[in-house]
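J.: This is the structure I want to talk about, given as structure tokens.
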Amino acid sequence: QVQLVESGGGLVQAGGSLRLSCAASGSIVSIGAMGWYRQAPGKQRELVATIGRSGNTNYADSVKGRFTISRDNAKNTVYLVMNSLKPEDTAAYYCNADVLPLFGTTWVGHWGQGTQVTVSS
């Protein structure tokens, strides 16, 4: 069983900052790519940022220069530092990880339960 648990969401004023964390636990052999996605009410879930195991990153154009994704492989944790937040960043943020489970032979994608980020104007 693999679990992803996010933390760090909340209410912040426009221009403020937040740091999200997502820790993976359970029967894990290895974790490949990790990422953050978000979903606003009435909209589809969209990619925010991803990071490979070696640290290569990819960002949505809307967050480039404001958000930074990083990971700690020893802790099976991915982080998202969000600066210069805008009201349009308001959404539920979900982490995702590609996991090779113990006794498994294939990589499986897992999702966290989500954490709410609300940016007031």
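J.: Would you list which aspartates and glutamates come within 13 Å of K64, measuring only between C-alpha atoms, while excluding same-chain residues fewer than 8 positions from it?
T.: By straight Cα distance, K64 reaches D89.
J.: Moving to a separate point now. If I stretch the segment between S25 and S121 completely, what's the gain in nm (0.36 nm per residue apart, minus their alpha carbon distance), one decimal? Display every interim value, and only then the final one.
T.: Working: separation 96, 0.36 × 96 = 34.56 nm, distance 3.62 nm.
Full extension of this stretch gives 30.9 nm more.
J.: Follow-up question, since we're still on this one. Sorted by accessible area (1.4 Å probe), largest first, how do E6, E88, E46 line up?
T.: Most to least solvent-accessible, the answer reads E88, E46, E6.
J.: Where the centroid of each part is defined by its Cα atoms, how far is the stretch 1-46 from the stretch 72-87 in Å?
T.: If we compute the Cα centre of each part, the gap is 8 Å.
J.: I've got another one for you. Solvent-accessible area per residue for the chain at a 1.4 Å probe radius, Å²?
T.: Here the residues of the chain average 52 Å² of exposed surface.
J.: Still on this structure, please answer the following. For V48, what residues show an amide H to amide H distance below 5 Å, using hydrogens built from the backbone and excluding near sequence neighbours?
T.: Counting only residues 5 or more places away or on other chains, the set is W36, Y37, R38.
J.: By the scheme Lys and Arg +1, Asp and Glu -1, what is the net charge of all other residues having a beta-carbon under 15 Å from that of Y93? Please list the in-between numbers first.
T.: Numbers: positive: R19, R38, K43, R45, R66, K86; negative: E6, E46, E88, D89.
It works out to a net charge of +2.
J.: Something else: Tell me, what % of the accessible area of the chain is carbon and sulfur with a 1.4 angstrom probe? Intermediate results must be reported in sequence, preceding the final value.
T.: Numbers: 3090 of 6350 Å².
With neighbouring chains kept in place, the figure for the chain is 49 percent.
J.: Which ³J(HN,Hα) values, rounded to whole Hz and listed in residue order, are derived for the stretch 103-120 from phi using the Karplus coefficients 6.51, -1.76 and 1.60 in 6.51 cos²θ - 1.76 cosθ + 1.60 with θ = phi - 60°, glycine and proline given as x?
T.: Computed from phi, the couplings for the stretch 103-120 are 6, x, 10, 10, 7, 10, x, 10, 10, x, 7, x, 9, 7, 10, 10, 10, 8 Hz.
J.: Net charge within 12 Å of I51 by Cβ-Cβ distance, Lys/Arg positive one each and Asp/Glu negative one each, not counting I51 itself?
T.: So the environment of I51 carries a net charge of 0.
The values are calculated or read from the model by the stated rules, or taken from the named source; none is laboratory data. Predicted model, so just to flag it, every value in this text is computed and none were measured. Counting neighbours? That spans all protein chains shown, and the Cβs are built from the backbone with ideal geometry, glycine included. Side chains are part of the model used for accessible areas, which takes the heavy atoms of the whole protein and leaves out ligands, DNA and RNA. Shrake-Rupley method; radii C 1.70, N 1.55, O 1.52, S 1.80 Å.
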